[in-house]
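Visitor: Quick one: structure below, then a few questions.
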Amino acid sequence: MGREEKLLELVERGINTVKDLSRELGVSVMTVYRTINRLEERGIVYKKQGKVFLKDEPKTCRVCGKTLDGRNDFIIRRGKRSITACCPHCGLILLMEEGEASLILAKDFITGKPVNGVSAFYVVGSKATPCCAPSAIVFENKEDAYRFYRGFGGRLCTFKEAMDCLKESLKVNKVVWTSLK
Ligand SMILES: [Zn+2]
Ligand SMILES: [Zn+2]
């Protein structure tokens, strides 16, 4: 679990002063401030009278900060919390950073229906970039994914392969991981 995720859980439990957070997380006050500022920039928390509060529904992508328009949503559920990324590209990056999820919901590119992100097929790095680049596009069935891949290139992947493939292309393209800045 990343530091941001831990901090959010503490805040959810009502531990929301910088001093308490720094003690609970075992990091310096400065680090807590930096973490909070990052979360605030992305619209996930806000500060009031020296305390941190969660915003009800983050309307921006946790990774790139784009406004969520619901078209390419990639939802990661962990217990009761759910995190929404603007698209599978950002969703997979979130999963790389934060690890396990109890449920992953992606949207089928053809039908727009929510599909299980783990059993879906992905075309990574094609010429089509509906949201973030390199794009990762989700299909419920392999045939659709294959047809798309034939037309737009990239790589046809399973969920696990898509993660590795994206990791690889991020390295190759030296794309800055906005979430790690
Ligand atoms: Zn994003
Ligand atoms: Zn995106």
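Visitor: Of the residues that sit in the stretch 7-23 and are closer than 19 Å to GLU98 by Cα and in contact with a helix residue (DSSP H, G or I) (Cβ under 6 Å, 6 or more places away or on another chain), which one is surrounded by the most Cβ atoms within 10 Å (Cβ to Cβ)?
Guide: LEU7
Visitor: Suppose we filter ALA120, ALA101, ALA162, ALA128 for residues that are outside the structural domain of ARG42 (by TED's automatic domain parsing), more than 16 Å from ligand 1 (Cβ to nearest atom) and touching a Phe, Trp or Tyr at 6+ places or on another chain (Cβ under 6 Å); which single one remains?
Guide: ALA128
Visitor: Would you confirm whether any residue within the stretch 80-92 is charged (D, E, K, R), within 16 Å of ligand 1 (Cβ to nearest atom) and touching a residue at least 24 places away in the same chain (Cβ under 8 Å)?
Guide: No.
Visitor: Just to be sure I understand, how many residues within the stretch 105-133 are surrounded by 22 or more Cβ atoms within 10 Å (Cβ to Cβ) and under 12 Å from the mean Cα position of the chain (by Cα)?
Guide: Of the residues in the stretch 105-133, 2 are surrounded by 22 or more Cβ atoms within 10 Å (Cβ to Cβ) and under 12 Å from the mean Cα position of the chain (by Cα).
Conditions tested, residue by residue: (1) within 16 Å of ligand 2 (Cβ to nearest atom); (2) at pLDDT below 95.
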| site | (1), (2) |
| --- | --- |
| PRO58 | yes, yes |
| ILE83 | yes, yes |
| HIS89 | yes, no |
| GLY117 | yes, no |
| VAL124 | yes, no |
| ALA136 | yes, no |
| ASN141 | no, no |
| ALA145 | no, no |
| TYR149 | no, no |
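Visitor: Separate question: Every residue in the stretch 146-156 that is assigned to a loop (DSSP other than H, G, I, E, B) and surrounded by fewer than 20 Cβ atoms within 10 Å (Cβ to Cβ), please.
Guide: Once the filter is applied, which keeps residues that are assigned to a loop (DSSP other than H, G, I, E, B) and surrounded by fewer than 20 Cβ atoms within 10 Å (Cβ to Cβ), the stretch 146-156 yields only GLY153.
Visitor: To continue, here is another question. Restricting to the stretch 61-79, name every residue that is basic (Lys, Arg) and within 10 Å of ligand 1 (Cβ to nearest atom).
Guide: Selection gives ARG62, LYS66.
Visitor: Follow-up. Can you name the number of the only condition in (1) over 20 Å from MET1 (Cα atoms); (2) under 12 Å from the mean Cα position of the chain (by Cα); (3) hydroxyl-bearing (Ser, Thr, Tyr) that THR84 fails?
Guide: (1)
Visitor: Considering every residue within the stretch 119-129, establish whether at least one is in contact with a strand residue (DSSP E or B) (Cβ under 8 Å, 6 or more places away or on another chain), assigned to a loop (DSSP other than H, G, I, E, B) and hydroxyl-bearing (Ser, Thr, Tyr).
Guide: yes
Visitor: Within the stretch 36-50, can you find the residues that are surrounded by 14 or more Cβ atoms within 10 Å (Cβ to Cβ) and out of contact with any Gly (no Cβ under 9 Å at 6 or more places or on another chain)?
Guide: ILE36, ARG38, LEU39, GLU40, ILE44, VAL45, LYS47, listed by residue number.
Visitor: Just checking, how many residues over the stretch 134-145 are within 16 Å of ligand 1 (Cβ to nearest atom) and surrounded by fewer than 20 Cβ atoms within 10 Å (Cβ to Cβ)?
Guide: The qualifying residues number 1.
The values are calculated or read from the model by the stated rules, or taken from the named source; none is laboratory data. Computed from a predicted model, the values in this text were never measured in an experiment. All Cβ positions, glycine included, derive from the backbone under ideal geometry; neighbour counts span all protein chains shown.
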